[in-house]
Amino acid sequence: MTTRTAPLLAVIACLAFAGTAWASDAPVVTDAWARATPPGTTVGAAYMTIQGGKQADRLVEARSDRAAMVHLHSVEEKDGVSKMRAIDAVEIPAGQRVTLAPKSTHVMLMGLDGPLVAGQTFVVTLRFAKAGEQPVTVTVKPATATDDHAQHQH
């Protein structure tokens, strides 16, 4: 190998590695937030946006040290009545954005260890079927926060 080919081989090796990493990218989570809860409240919810990677994946579990139980939930409206129910997974299509939001699919936090206070952060660890675990920092917004309000106040 000559001194002229060594740098070229190094660049090719880096590109090959980067291509492999890029081709197997995991879902990316952004805008994770929760509403503040009043003292004595033991339930809350976390919301976020998940951008699918190169392959479809499924969000299959969530957990947090802030809550005794963490479930994936959906909200369905039937005959003017909203019903919340636990779900097994959230499908994350390849390259598509999935939003977990109030009155929709969300991460339910039950048995909170204390109130969620505006300005605090806490971690929710998401587990994807293919991509594995991903810790996500959730920012607590005021109790009056809406989906639009939370996404525009970073």
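The values are calculated or read from the model by the stated rules, or taken from the named source; none is laboratory data. Nothing here was measured: the structure is a model prediction, and the numbers come from that model. Here the Cβ is made from the backbone with ideal geometry for all residues, glycine too, and neighbour counts use every protein chain on show. SASA here: full protein model, heavy atoms, side chains in, ligands and nucleic acids out. Shrake-Rupley method; radii C 1.70, N 1.55, O 1.52, S 1.80 Å.
Using the structure shown, decide if LYS130 is under 27 Å from ALA26 (Cβ atoms) and outside any helix (DSSP H, G or I). Full working, then the answer.
Working: under 27 Å from ALA26 (Cβ atoms): yes; outside any helix (DSSP H, G or I): yes.
Yes.
For the structure I just gave you, tell me whether ALA86 is over 16 Å from THR41 (Cα atoms), of a type in the set (Gly, Ala, Ser) and free of Cβ contacts under 8 Å to residues at least 40 places away in the same chain.
yes
Is it the case, given these coordinates, that ILE92 is touching a strand residue (DSSP E or B) at 6+ places or on another chain (Cβ under 9 Å), touching a residue at least 60 places away in the same chain (Cβ under 8 Å) and not charged (D, E, K, R)?
Yes: the conditions hold for ILE92.
Restricting the search to the stretch 26-40, which residues are among the small types (Gly, Ala, Ser), at pLDDT 95 or above and surrounded by fewer than 20 Cβ atoms within 10 Å (Cβ to Cβ)?
ALA36
Starting from the stretch 125-142, take each residue that is open to solvent by less than 20 Å² (accessible area, probe 1.4 Å) and list its partners that are part of a loop (DSSP other than H, G, I, E, B), counting only C-beta distances under 7 angstrom and pairs at least six apart or across chains.
Hits for this filter: PHE128/ALA26; PHE128/PRO27; VAL140/ALA36; VAL140/LEU116; VAL140/VAL117; VAL140/ALA118; VAL140/GLY119; VAL140/GLN120.
Restricting attention to the stretch 67-101, and to residues there that are open to solvent by less than 40 Å² (accessible area, probe 1.4 Å) and over 14 Å from the mean Cα position of the chain (by Cα), which single residue is farthest from ALA56 (Cα to Cα)? Even if it seems obvious, please write down each step before you answer.
Taking the stretch 67-101 and keeping what is open to solvent by less than 40 Å² (accessible area, probe 1.4 Å), we get 67, 70, 72-74, 87, 89-90, 92, 98, 100-101.
Next cut, over 14 Å from the mean Cα position of the chain (by Cα) only: 67, 74, 87.
Values: ALA67: 29, SER74: 20, ILE87: 18 Å.
Checking each candidate, the answer is ALA67.
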